[in-house]
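Please treat every number below as a calculation from the coordinates, not as lab data. Quick caveat, the model's predicted, so the values are computed rather than measured. Cβ coordinates were reconstructed from backbone atoms using ideal geometry, including for glycine residues, and neighbour counts include every protein chain displayed.
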Amino acid sequence: MPIMQIDYGTPEYDQMVRLRDEILRRPLGLIFTAEDLEPDKKDILIAAFDDGRMIGCCILRDEGNNTIRLRQMAVRNNQQGKGIGQQIMRFAETLARDKGYRVLSMHARDTAIGFYEKQGYKVIGQGFMEVTIPHHKMEKLLI
């Protein structure tokens, strides 16, 4: 299963937007706007493929102070539980570390906290609402 960095505006990016929409937005009754997708131009886009079809993805965004934030982590429903998310996380962490980042943070949906804790992430602070559902900030040192 190849995992790689992809470029904004490519057919692979279009697949990523469709996957994020299917897994992360539509179930909440939300849609992406052009304004929502605009910042993707500057972000690090990561995707996992199986036979040319995207099965998982995430985005890394520079937050300053040697911190990068994981966003929009998604794995196709029929592929969850197979270790794909864990492999995407390892790839993202290695890439971030290689680029000089020392902390990887995220706003994790409460339903995903257990997954991220297994990857070594710690909950930071109190919960909050984002895109209509409960989240917590989580972090991991990349050293």
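Rounded to two decimals, the Cα-based Rg/Rh of the stretch 27-103, with Kirkwood Rh, is 0.99.
Could you put 94, 67, 132 in order, starting from the residue whose Cβ has the fewest other Cβ atoms within 10 Å?
Working: 94 11, 67 16, 132 8.
With the sparsest Cβ surroundings first, the list reads 132, 94, 67.
Dipole magnitude for the stretch 1-46: about 140 debye, using +1 per Lys or Arg Cβ and -1 per Asp or Glu Cβ, origin at the Cα centre. Distance from the C-alpha centroid of the stretch 52-104 to that of the stretch 1-47: 13 Å, rounded to the whole angstrom. Just to verify a number: FRET efficiency for residue 80 and residue 103, C-beta to C-beta distance, R0 = 35 Å, to 0.05? After rounding, the FRET efficiency stands at 0.85. Applied to the stretch 124-135, the Karplus parametrisation 6.51 cos²θ - 1.76 cosθ + 1.60 on θ = phi - 60° returns per-residue 3J(HN,Hα) values of 10, x, 7, x, 8, 9, 8, 6, 6, 9, x, 9 Hz, with x for Gly and Pro. Maximal additional length on extending the residue 71-residue 53 stretch stands at 4.4 nm, based on 0.36 nm per residue less the C-alpha distance.
Just how large is the dipole of the stretch 1-91 about the Cα centre, in debye to the nearest 20, putting +1 at every Lys and Arg Cβ and -1 at every Asp and Glu Cβ?
Values: 13 positive and 14 negative charges, 74 e Å.
Here the stretch 1-91 has a charge dipole of around 360 debye.
When shorter helices are ignored and each DSSP H run of at least 4 residues is given -39500 (n - 2.57), the per-residue value for the chain at 222 nm works out to -7000 deg cm²/dmol. Selection among 124, 92, 19 by position relative to the dipole of the chain gives 124 as farthest towards the positive end (Cβ unit charges, Cα centre). Taking a point 7 Å from the Cα of residue 133 along the Cα-to-Cβ direction, the residues of the stretch 11-37 with backbone N closer than 20 Å to it are 16-33, 36-37. Dividing the mean sequence gap of close Cα pairs (under 8 Å, 6+ apart) by how many residues the chain holds gives a relative contact order of 19 percent.
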